[in-house]
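Data first, discussion second: the structure below is written as structure tokens.
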Amino acid sequence: MVFGGNLIDISAKIGSIKIKNPTILASGIMDQDAESIKRVFENGAGSIVTKSIGLKPKKGYLNPTFVELEHGILNAMGLPNPGINDFKQEIVKIKKYGIPVIGSIFGSTSKEFIDLALKMQKFGVDALELNMSCPHAKGYGLEIGSDPDLVYNIISNLKNTVKIPIFVKISSNLTDIIKLAKAIEDSKADGIVAINSIKAMKIDLTIRKPILSNKIGGYSGKAIKPIGIRCVYEISENVEIPIIGVGGITNGKDAIEYIMAGASAVQIGTGMYYRGIDIFNKICIEIKDWMENNNYKKLSDLIGVAHI
Amino acid sequence: MNSLKIKEIIKIKKENQYVKTIFFKYDENIKPGQFFMIWIPNVDEIPMSVSYIKRNIAAITFRDVGDATNKLFNFKIGDKIGIRGPYGNGFKLNREKIIFIGGGTGIATLAPAIENAYKKKFNIKIIIGFKNKNELFFDKRFGKLINNLYISTNDGSIGYHGNVTDLAKEIIKDEDCLIITCGPEIMMKKLFELFNTYQFQASLERYMKCAVGICGQCCVGHGLRVCLEGPVFDATMLKNIKDFGKYKRNESGNIKYF
């Protein structure tokens, strides 16, 4: 048992992508530049999703863009990003460091997604994540991702154009998440990422106004985990393609819960606020401890067990 | 958790034509060099370092330079601001001999550290630089504490004629001291190069959004978060921050050279 930990395999596979462990940095968290991404990778992340990148530099919303709340955090950054052309230098560096990287992109039309995807592929990303779920960006994100027909068209066109795997990040702010998940599977996407932050608001009682400059933002952190678990479970009941679970994961048991619901890997974002930049290493240790105590040797044996 | 608190302005002091200090009640711990995110409702939220730390009272000192500070400049006693923090690491007064070097509004950041060092009876010198005599502030505040106060102005209208780095070159001869600086980054970089054998701490400024170390907006060097691992960096860290004195990232994350 002394070497027991070494015999436990927590590697993960999402379609054709293989990673050393199931923890992936979620988009929008310390992923604006290659050096920050390298630091997160050195703190144990199996893979990294970049900040969501658009065609042109975008300032995002004025501050306040961030509110700390009792059970989670609220943000409305407004998709700030340096634009795909300036981001090239970051991707090139990330790949030079040998880090498995998923390029997140957002667009308002099929053509925009194609332009971005082709550039990301050329720069060398290992896979793409389509942002179809940002809850507070006009004309992007959830505004695209709540229309299953539009989502189907965008992904189908992309699948005919790029070779690298395509993951699609979706929202829980939908009346029928299963319908969207099926449209994504039909479009031949390689995986579904669920969920993004959830539409929310905070009003200050003294000022008597919403705090966020955009008024509406996305709620993330501990409070949203049960919602994410439910979404992953429902999606997993209805589609065969891999799922990456995200929402409120702060420890190893949270990650295992998502995997039991049907996720092949997990993303961690706000968790860094609760447990620091080394949350990835911490969660991997906690996953191994749990597996050792429960006699599991391969993490993949746990995928979807809650359904059986 | 460090949630937003609404504070009423209890006192306003006009330091000069362009610089004001706003005081509010605050009774929790603040380390010199830490900062608050200051929310000016309907306008913006910006990081500002704490310029006074008294029992039950804190203050921020700022120059009227943008939308947010302009609105704040016209605030009156009784008006409300939101604060969250204090954030960041603050200065480490780990030497008994300290030379403080400040430029422009960076001087406000140094003030609580200077008063702290004075209370500890440390051997201190203060070198502060301004464009001209009309821009002077905190000179009387520091002058009350010590005799070793040196002032430079770019136009020579008061004190040493020239910039603060030239004045520092003339004054600093003693290797066995700690240099603590805050001001324009080019100035701090110059000082860092001039005094590369000294113990050194500089307080950096970057565009910030979350201020709690997750959004990545203020990262410098090898992924160091100015809001969390900074804003104060020592010589060992500064050597590895290649952006220091060279460039910062704007709201979109594009690199902008100084």
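The values are calculated or read from the model by the stated rules, or taken from the named source; none is laboratory data. All values derive from a computational prediction rather than experimental measurement. Positions of Cβ are backbone-derived with ideal geometry, glycine not excepted, and every protein chain shown enters the neighbour counts.
Go through A:K56, A:K93 for me and flag whichever is over 20 Å from the mean Cα position of the chain (by Cα) and part of a loop (DSSP other than H, G, I, E, B). Break it down stepwise before answering.
On the way: A:K93 fails: part of a loop (DSSP other than H, G, I, E, B).
Every option except A:K56 fails the conditions.
Residues in the stretch B:234-245: is at least one in a loop (DSSP other than H, G, I, E, B), away from every other protein chain (no Cβ under 12 Å) and crowded, with 22+ Cβ neighbours inside 10 Å? Let's see the steps before the verdict.
Here is the first cut: in the stretch B:234-245, the residues in a loop (DSSP other than H, G, I, E, B) are B:240-245.
Then keep just the ones that are away from every other protein chain (no Cβ under 12 Å); that gives B:244-245.
Remaining after also requiring crowded, with 22+ Cβ neighbours inside 10 Å: none.
No - not one qualifying residue is present in the stretch B:234-245.
Residues are listed down the side, and each one gets a yes or a no for (1) within 26 Å of A:F41 (Cβ to Cβ); (2) surrounded by fewer than 24 Cβ atoms within 10 Å (Cβ to Cβ); (3) within 14 Å of another protein chain (Cβ to nearest Cβ):
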| site | (1), (2), (3) |
| --- | --- |
| A:K225 | yes, yes, no |
| A:I235 | no, no, no |
| A:N238 | no, yes, no |
| A:E286 | yes, yes, no |
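With the condition kept exactly as written, say whether any residue in the stretch A:111-128 is surrounded by 16 or more Cβ atoms within 10 Å (Cβ to Cβ) and under 24 Å from A:L212 (Cα atoms).
Within the stretch A:111-128, not a single residue is surrounded by 16 or more Cβ atoms within 10 Å (Cβ to Cβ) and under 24 Å from A:L212 (Cα atoms).
When you go through A:I48, A:I24, A:I73 one by one, which is the residue that is among the β-branched types (V, I, T) and out of contact with any Ser or Thr (no Cβ under 7 Å at 6 or more places or on another chain)?
On the way: A:I24 fails: out of contact with any Ser or Thr (no Cβ under 7 Å at 6 or more places or on another chain); A:I73 fails: out of contact with any Ser or Thr (no Cβ under 7 Å at 6 or more places or on another chain).
Answer to the check: A:I48.
Just give me the residues in the stretch B:74-109 being closer than 24 Å to B:K209 by Cβ and within 14 Å of chain A (Cβ to nearest Cβ), in sequence order.
B:F75, B:K80, B:I81, B:G82, B:I83, B:R84, B:G85, B:P86, B:Y87
Checking A:K13 against (1) without any contact (Cβ under 8 Å) to a residue 60 or more places away in the chain; (2) surrounded by fewer than 16 Cβ atoms within 10 Å (Cβ to Cβ); (3) not in a loop (DSSP other than H, G, I, E, B): exactly one of these is not met. Which one?
Only one criterion in (1) without any contact (Cβ under 8 Å) to a residue 60 or more places away in the chain; (2) surrounded by fewer than 16 Cβ atoms within 10 Å (Cβ to Cβ); (3) not in a loop (DSSP other than H, G, I, E, B) is unmet by A:K13, namely (1).
Look through A:I114, A:I105, A:I19, A:I84 and report the one residue that is among the β-branched types (V, I, T) and out of contact with any strand residue (DSSP E or B) (no Cβ under 8 Å at 6 or more places or on another chain). Step through it out loud before you land on a result.
Values: A:I105 fails: out of contact with any strand residue (DSSP E or B) (no Cβ under 8 Å at 6 or more places or on another chain); A:I19 fails: out of contact with any strand residue (DSSP E or B) (no Cβ under 8 Å at 6 or more places or on another chain); A:I84 fails: out of contact with any strand residue (DSSP E or B) (no Cβ under 8 Å at 6 or more places or on another chain).
Going through A:I114, A:I105, A:I19, A:I84 in turn, the sole match is A:I114.
Give the stretch B:182-212 a look and list any residue that's within 12 Å of another protein chain (Cβ to nearest Cβ) and in contact with a Cys (Cβ under 6 Å, 6 or more places away or on another chain), or say none.
B:R206, B:M208, B:K209, B:A211
Just one of A:S36, A:S104 is buried (at least 24 other Cβ atoms within 10 Å of the Cβ), in a helix (DSSP H, G or I) and at pLDDT 95 or above; which is it? Write out each step before concluding.
Working: A:S104 fails: in a helix (DSSP H, G or I).
The match here is A:S36.
Could you check the stretch A:144-157 and list, in sequence order, the residues that are out of contact with any Ser or Thr (no Cβ under 8 Å at 6 or more places or on another chain) and either in a helix (DSSP H, G or I) or at pLDDT 95 or above (or both)? I'd like the intermediate steps shown before the answer.
Start the filter on the stretch A:144-157 by keeping residues that are out of contact with any Ser or Thr (no Cβ under 8 Å at 6 or more places or on another chain), which leaves A:147-150.
Listed by number, the residues that qualify are A:P148, A:D149, A:L150.
Tell me which residues, restricted to the stretch B:246-256, are within 8 Å of another protein chain (Cβ to nearest Cβ), touching a Phe, Trp or Tyr at 6+ places or on another chain (Cβ under 7 Å) and assigned to a loop (DSSP other than H, G, I, E, B).
Within the stretch B:246-256, B:N250, B:E251 qualify.
Residue under question is B:E229, and the condition is that it be away from chain A (no Cβ under 14 Å), out of contact with any Cys (no Cβ under 8 Å at 6 or more places or on another chain) and not hydrophobic (A, V, I, L, M, F, W, C); does it hold?
On the way: away from chain A (no Cβ under 14 Å): no; out of contact with any Cys (no Cβ under 8 Å at 6 or more places or on another chain): yes; not hydrophobic (A, V, I, L, M, F, W, C): yes.
No, not satisfied.
Exactly one condition in (1) closer than 29 Å to A:I166 by Cβ; (2) more than 19 Å from the chain's Cα centre (by Cα); (3) charged (D, E, K, R) is not met by A:E286; state its number.
Among (1) closer than 29 Å to A:I166 by Cβ; (2) more than 19 Å from the chain's Cα centre (by Cα); (3) charged (D, E, K, R), A:E286 violates only (1).
Name the one entry in B:K80, B:K97, B:K20 that is in the same structural domain as B:F130 (by TED's automatic domain parsing), among the basic types (K, R) and either touching a residue at least 40 places away in the same chain (Cβ under 8 Å) or surrounded by 15 or more Cβ atoms within 10 Å (Cβ to Cβ) (or both). Before you say what the answer is, go through the steps one by one.
On the way: B:K80 fails: in the same structural domain as B:F130 (by TED's automatic domain parsing); B:K20 fails: in the same structural domain as B:F130 (by TED's automatic domain parsing).
After ruling out the rest, the residue left standing is B:K97.
Listed here are the residues, each with its yes/no results for (1) in a strand (DSSP E or B); (2) among the small types (G, A, S); (3) farther than 27 Å from B:D44 by Cα.
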site	(1), (2), (3)
A:N21	no, no, yes
A:I24	yes, no, yes
A:I29	no, no, no
A:I48	yes, no, yes
A:G60	no, yes, no
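Do we find a residue being surrounded by fewer than 19 Cβ atoms within 10 Å (Cβ to Cβ), within 14 Å of another protein chain (Cβ to nearest Cβ), at positive phi and at pLDDT 95 or above anywhere in the stretch A:167-190?
Checked the stretch A:167-190: no residue is surrounded by fewer than 19 Cβ atoms within 10 Å (Cβ to Cβ), within 14 Å of another protein chain (Cβ to nearest Cβ), at positive phi and at pLDDT 95 or above.
Mind checking whether some residue in the stretch B:209-229 is in a loop (DSSP other than H, G, I, E, B), closer than 30 Å to B:E170 by Cβ and modelled with pLDDT of 95 or more?
Taking the stretch B:209-229 first, the residues in a loop (DSSP other than H, G, I, E, B) are B:209-218, B:221-223, B:226-229.
Subset that is closer than 30 Å to B:E170 by Cβ: none.
No.
Any residue that is closer than 30 Å to A:E68 by Cα, at pLDDT 95 or above and part of a helix (DSSP H, G or I) - is there at least one of those in the stretch A:260-267?
yes
What number of residues within the stretch A:27-53 satisfy the criterion of being at the interface with chain B (Cβ under 10 Å from one of its Cβ atoms), touching a Gly at 6+ places or on another chain (Cβ under 7 Å) and of a type in the set (G, A, S)?
Final tally of qualifying residues: 2.
Residue by residue through the stretch A:194-237, note down the ones that are in a strand (DSSP E or B) and over 16 Å from A:I256 (Cα atoms). Explain how you work it out, then say what you get.
If we filter the stretch A:194-237 for residues that are in a strand (DSSP E or B), which is where we start, we get A:194, A:198-200, A:203-204, A:209-210, A:217-220.
Scanning the stretch A:194-237 gives A:I198, A:K199, A:A200, A:I203, A:D204, A:K209, A:P210, A:G217, A:G218, A:Y219, A:S220.
What is the one condition in (1) within 12 Å of chain B (Cβ to nearest Cβ); (2) buried (at least 24 other Cβ atoms within 10 Å of the Cβ); (3) not hydrophobic (A, V, I, L, M, F, W, C) that A:P22 does not satisfy?
Result: A:P22 fails condition (1) only.
Give the stretch B:13-41 a look and list any residue that's closer than 13 Å to B:I81 by Cα and part of a strand (DSSP E or B), or say none.
Listed by number, the residues that qualify are B:I22, B:F23, B:F24, B:K25, B:F36, B:M37, B:I38, B:W39, B:I40.
Could you check the stretch A:243-261 and list, in sequence order, the residues that are surrounded by 24 or more Cβ atoms within 10 Å (Cβ to Cβ) and not β-branched (V, I, T)? Write out each step before concluding.
Our first condition is that a residue be surrounded by 24 or more Cβ atoms within 10 Å (Cβ to Cβ); within the stretch A:243-261, this holds for A:243-249, A:255-256, A:258-259, A:261.
The answer is A:G245, A:G247, A:G248, A:A255, A:Y258, A:A261.
Give the residue, chosen from B:V65, B:V50, that is part of a loop (DSSP other than H, G, I, E, B) and more than 14 Å from every other protein chain (Cβ to nearest Cβ).
Numbers: B:V50 fails: part of a loop (DSSP other than H, G, I, E, B).
Matching residue, one of B:V65, B:V50: B:V65.
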